[in-house]
Structures are given as structure tokens and as C-alpha cells.
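The values are calculated or read from the model by the stated rules, or taken from the named source; none is laboratory data. Here the structure is a predicted model, which is why all the values come from computation and not from measurement. A quick note on method: Cβ atoms are made from the backbone with ideal geometry, for glycine too, and the neighbour counts reach across all protein chains shown.
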Amino acid sequence: MSCVIPLLAVLAAAPPPAAQLADLNALQGEWTLVAESLNGSRIHPPRDSYRMVVDGKQVIMLAGEEVTARWEVTLDPTTRPKRMDEKADGKSLAEIYRLDGDTLTVAFRNHWNDPRRPTDFEPRDGVGIYVLTRKKP
């Protein structure tokens, strides 16, 4: 199946450490999936069923309490849009992200190891989009 549940990602370019660290620090914590689209169609996930936890450079995706993926994340906040790549176990996702306060939007190609990165956050064939909100303690 070409449907992918991504985590945040690792970038090949080496952005300035301060900029990368600032965004990585801003992503720390638990996030809840509130909206999703795949291949241009909106998907309605069960409320509060999918979560993402960012701990250091590791991203953990959960469905309920089950861990569905673990990724290492590297960010490049110096590009427009900002870039994020996820890598783990020989799989990778080339993504873009937008962080606006407690809302994180991630766009990715809907196939593992596809080097083409989305250029915007518009739903379309071959692209997945996640919108997550920060879970407050």
C-alpha cells in the first residue's frame, strides 16, 4: 500500500545549528493529528487516535498506544518552505513543514524513499498532508 504514516524527518543539507536547534526545540512534546489528506482527499481519522511525540531528534508515531513508527528527524528551517526528512530502517520521507504556534503542518510524498519533496501544502495526487496540534499538559 502506498499510504504512509510519516514522522518528522532528517535533511541532507546542514543548516545553521542555531536555526535548526530553535525549530527542533519548538517541536518537542506530544502532538495530536487533527486533519489529514492523502492523494488530494480528506481523511477523517478518529479523534485523538493518532499522535506524534518528538523527543530530541526522535519522532515516535502512535495509533492509540501502539507505536507505529520511529524516525530520526533533521530539520532545515532556512529554506522556504522549511524542510524536514524522516529516516529509519532504510526508509525515508522528504517533507516540508510549517510551525505556527501550537499547530504543525507537514506535507510529504505518499511513497517511501521518494526524493521529490512537496513544494507547498496544497492537497493533490501523490501528496499527504498532516495537521497536528500540540497537546497541552
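What are the residue pairs meeting all of these: first residue in region 79-91, first residue hydrophobic (A, V, I, L, M, F, W, C), second residue surrounded by 13 or more Cβ atoms within 10 Å (Cβ to Cβ) and not in a strand (DSSP E or B), Cβ atoms under 6 Å, and 6 or more apart or on different chains? That search, which allows pairs on different chains as well, returns MET84/LEU8; MET84/ALA9.
Okay, residues lined up against (1) in a strand (DSSP E or B); (2) surrounded by 14 or more Cβ atoms within 10 Å (Cβ to Cβ); (3) of a type in the set (D, E, K, R):
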| site | (1), (2), (3) |
| --- | --- |
| VAL54 | yes, yes, no |
| ILE60 | yes, yes, no |
| TRP71 | yes, yes, no |
| LEU75 | yes, yes, no |
| LEU99 | yes, yes, no |
| PHE108 | yes, yes, no |
| ASN113 | no, no, no |
| PRO118 | no, yes, no |
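Of all residues in region 56-75, those being within 15 Å of PHE108 (Cβ to Cβ) and not β-branched (Val, Ile, Thr) number 4.
Scanning region 109-126 for residues being of a type in the set (A, V, I, L, M, F, W, C) and at pLDDT 95 or above gives a total of 1. If you go through region 63-96 and keep only what is at pLDDT 95 or above and closer than 15 Å to GLU36 by Cβ, you end up with just GLU95. The set of residues from region 120-129 being part of a loop (DSSP other than H, G, I, E, B) and within 13 Å of the chain's Cα centre (by Cα) comprises just one member, PHE121. Filtering region 4-52 down to residues that are among the acidic types (Asp, Glu) and at pLDDT 90 or above, which residue is nearest to GLY128 (Cα to Cα)? Residue satisfying both the conditions and the ranking: GLU36.
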